[in-house]
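Report on one structure; see the data block that follows.
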Amino acid sequence: MRHGPNSLTILRPAKPCQGQTGTLTIPLLAHALCARATGLSKSNTGRWVGTPSVLAVAERNTRDVTDGSIPGLIVGMEHTSSTPVELLTSSDQVSDLARILSQEPCIAVDTESNSRHRYPERVCLIQVATTSKVHLIDPFAVGDMRPIGEVLADETVLKVMQGAEYDVRCLDREWGFRIQNIFDTSIAARFAGMSQSGLSALIEGLLGMKIPKLARIQKGDWSRRPLSQEALDYAATDVWHLQSIQKALETRLKILDRSAWVSEECARLEEIRYVAPDLETAFLSLKGSRRLDMRAKAVLKRLFMLREAEARRRNRPPYYILPHETMVHLASNSAADFAKLPALRGQIDSRFGRLLRTAIDKGLADPPISNPFRPRRRSATQIEIGRLKTLKKWRVDLGTQLSMDPALLWPMASLERLAKAPRTLSAELASAQVRRWQGDQFATSLGAALD
């Protein structure tokens, strides 16, 4: 059954809604209350159908829900081929859009990048959705992106994002944008007790819809122009459902009294900044590099710097230029026969092959490189090991009680410190790792576990 944008459907828990977006959970009694208050009618499929005015009644009835026996209320817009989608390719269009978005209470935001295909990575598309339209911004064609940055920094406009950390870093790297007032649906889903927090799982679990995720589009080269209609549809679908998901999750969080928890977690996203890798030391992060001797590390650094320069020259991701494993192998086997290495076959007499040999020779002549100093950690005593086991059990039991991932409830690093210094709980509450909501909710219980 299809419903227009101004209709809603209340479903029994066992009956998923097809083609609807947005979920509001209400107590069982609210079926009758809503029906009487708003004139809902029951279809022959067992669905209650009415107008959005039922939301006010349903929301009032969610405040006292404690038993968890709650059916679902589905409300929102259906994404179809007729959903208005606009591709913006000029600064004037972006400026006009920014004026419109600044008047919206809530927008959904997503980005598409080309890290699988190009280097350095670039943001290739920015998707912004209101409740009535999807706007796709082509930053390759737009000269002035500043108006969108101003909207993202506007604290009065809620930005709904999925897995926002990556997008926040990309937007900071590309234009120095700062994003204020974020609602991350993946974070909210975990705090709402959902076992899966990916976008497809949220669309299906909360909205009763199955959206095909085409890997060839998702993993495609978003820097190619023109973008296909299939790619544009994919990008629009990704952002179109986010506001409905946000409403569904916010309702669950209010029932669980966890909205403030999620608000604090999302506020931390606002502080994320892109930090460019330090090329002088980045090679030491490669798997297997710490096992190399000092001479081999000097060779590895030369190979790493060559790969970085070549990746930028070719506009290709570094791994496609020379795999990490091959670099580590060459560093420790400087006389290796390129013909016997799958990644270097055909490179023996090539320009890049000659550059590799030169890099190896220079690395062998460079001063040896030692591992960065790492202070040795004191081994835990048996008493401390037992105390940490008790604290881990406390966290797991709390997670079971709240139907939440225990990792969300208290940082493991903090528990490890407390296991060694159980009288420092007050100091832990002031640490950057421990959230205010964690201290407010669980400090007393944790203190009891430490006694």
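Taken together, the values in this text are just the output of simple stated rules run on the coordinates, not laboratory data. Everything quoted here is computed from the prediction, not taken from an experiment. A quick note on method: Cβ atoms are made from the backbone with ideal geometry, for glycine too, and the neighbour counts reach across all protein chains shown.
Placing +1 at every Lys and Arg Cβ and -1 at every Asp and Glu Cβ, with all other atoms neutral, what dipole size does the range 356-403 have around its Cα centre, in debye to the nearest 20?
Roughly 260 debye, rounded to the nearest 20.
Report the one residue of SER197, LEU136, PRO120 whose Cα lies farthest in the direction of the positive end of the charge dipole of the range 91-215 (charges on C-beta: Lys and Arg +1, Asp and Glu -1; origin at the Cα centre).
Final value for the positive-end residue is SER197.
Counting only C-alpha contacts under 8 Å and six or more residues apart, can you give the relative contact order of the range 382-450 as a whole percent? Please list the in-between numbers first.
Values: 47 pairs, mean separation 24.1, N = 69.
Contact order relative to length: 35 percent.
Across every pair of different alpha-carbon atoms, what Kirkwood hydrodynamic radius in Å does the range 240-319 reach? Could the numbers behind the result be given before it?
Working: mean 1/r = 0.0589 Å⁻¹.
It is 17.0 Å.
For the range 344-386, list residues with backbone N below 15 Å from a point placed 7 Å from the Cα of GLU325 toward its Cβ?
344-345
Would you please report the Å³ per residue occupied by the convex hull of the alpha carbon atoms in the range 382-450?
So the per-residue Cα hull volume is 74 Å³.
Using the per-residue mean of other Cβ atoms lying within 10 Å as a proxy for protection, in what order, highest first, do the peptides 367-376, 89-98 fall?
Ranking, from highest mean packing down: 89-98, 367-376.
So which chymotrypsin sites (Phe, Trp or Tyr not before Pro) in the range 259-322 end up in coil per DSSP with only 15 or fewer other C-beta atoms within 10 Å? Mind dumping the intermediate values first?
On the way: sites: TRP261, TYR274, PHE283, PHE304, TYR319, TYR320; in loops: TYR274.
Those satisfying the criteria are TYR274.
Can you list the trypsin sites (Lys or Arg not before Pro) in the range 167-272 that are in a DSSP coil and have 16 or fewer other beta carbons within 10 angstrom?
Values: sites: ARG169, ARG173, ARG178, ARG190, LYS210, LYS213, ARG216, LYS219, ARG224, LYS247, ARG252, LYS254, ARG258, ARG268; in loops: ARG178, LYS210, LYS213, LYS219, ARG224, ARG258.
Answer by residue number: ARG178, LYS210, LYS213, LYS219, ARG224.
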